[in-house]
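As structure tokens, the structure follows; a few thoughts come after it.
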Amino acid sequence: MSLTLQAEVIPVFSHAGDANRLLYTPLTRPLTERGTRRYTVEYEGDEAALTAFLAKVLADAVSHELRTGDAPAFADYSFTLDYGMKGGALDLEKETILAHHRGDAGARFTIHSLRIHQRFYIFDPAQSADTPHLADRFVRDIVNPAIHTWKITRAA
């Protein structure tokens, strides 16, 4: 039976920046963003060993924090945009991680599936109720529908 582990790599030294840097044309309101990388791993075996493996291959001990679980890395965001490579597209990061795992003969887990997503948390200091409606702008300017899948999640 496969289990699923969510992991998020958070750059520790980065801070919220102007969300306009993600877009082709500027917004009319001052939104900020923070980016992370999300990894969804379907696996069998020892979860602690998998978490240690992910910490070793995905996160630098000084400049990154690795969190596991479904909880968002940040609070007070308006929405998140997750996007990643479609199944048939070449994903070199994914292939490198899986090759590293295959080369570890002593691994106490087996990875069945790995999905990688860039996640942008979008923040609105004014907390306007209509900010989540701006998500389409971010999808249009960031996502390439020929090679990416994406998901918008509005804050609860």
(message) Starting from 0.36 nm per residue, how many nanometres of slack lie between residue 143 and residue 29 once their C-alpha separation is accounted for?
(response) 38.9 nm
(request) Would you look at the GNM of the chain, springs on alpha carbons closer than 10 Å, and say which of 17, 103, 84 moves the most? (result) 103
(request) Name the lysines eligible as straight-distance cross-link partners of residue 56: C-alpha to C-alpha under 21 Å, and not fewer than 8 places from it in the same chain. (result) 94
(message) Helix-only mean residue ellipticity at 222 nm, the chain, DSSP H runs n ≥ 4 weighted -39,500 (n - 2.57), per residue, nearest 500. What is it?
(response) -6000 deg cm²/dmol
(message) Output wanted: per-residue J couplings in Hz (rounded whole) for the stretch 101-109, from phi through Karplus 6.51 cos²θ - 1.76 cosθ + 1.60, θ = phi - 60°, x for Gly and Pro.
(response) 5, 4, x, 9, 5, x, 4, 9, 8
(request) Send over a whole-number figure in Å² for the accessible area per residue of the chain, probe 1.4 Å. (result) 56 Å²
(message) So for each of 140-150, 117-127 I average, over its residues, the number of other beta carbons within 10 Å; can you give me the resulting order with the highest mean first?
(response) 117-127, 140-150
(request) Scan [x] 48, 34, 22; [y] 45, 39, 25; [z] 54, 33, 27 for the value of Cα extents along the principal axes in Å calculated from this model and give just the label. (result) [z]
(message) Tell me the accessible surface of residue 57 in square angstrom (1.4 angstrom probe, heavy atoms of protein chains only), to the nearest ten.
(response) 50 Å²
(message) If I take every Cα pair under 8 Å that is 6 or more residues apart in the chain, average their sequence separation and divide by the length, what percent do I get for the relative contact order?
(response) 35 percent
(request) Treat each spin label as a single point 7 Å out from the Cα along the C-beta direction, and report the residue 75 to residue 151 distance in nm. (result) 2.4 nm
(request) In nm, give the distance between the simple-model label positions of residue 18 and residue 105, each being 7 Å from the Cα along the Cα-to-Cβ direction. (result) 5.5 nm
(message) Computing the accessible area with a 1.4 Å probe over protein heavy atoms, can you report the carbon and sulfur percentage for the chain?
(response) 54 percent
(message) From the phi angles alone, apply the Karplus equation (6.51, -1.76, 1.60; θ = phi - 60°) to the stretch 65-73 and give each ³J(HN,Hα) in whole Hz, x where the residue is Gly or Pro.
(response) 10, 9, 10, 10, x, 8, 5, x, 5
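The values are calculated or read from the model by the stated rules, or taken from the named source; none is laboratory data. Keep in mind it's a predicted model, so treat the numbers as computed, not measured. Glycine gets a Cβ as well: all are built from the backbone with ideal geometry, and neighbour counts include every protein chain shown. Keep in mind that these areas ignore ligands, DNA and RNA; they rest on the heavy atoms of the full protein, side chains included. Shrake-Rupley method; radii C 1.70, N 1.55, O 1.52, S 1.80 Å.
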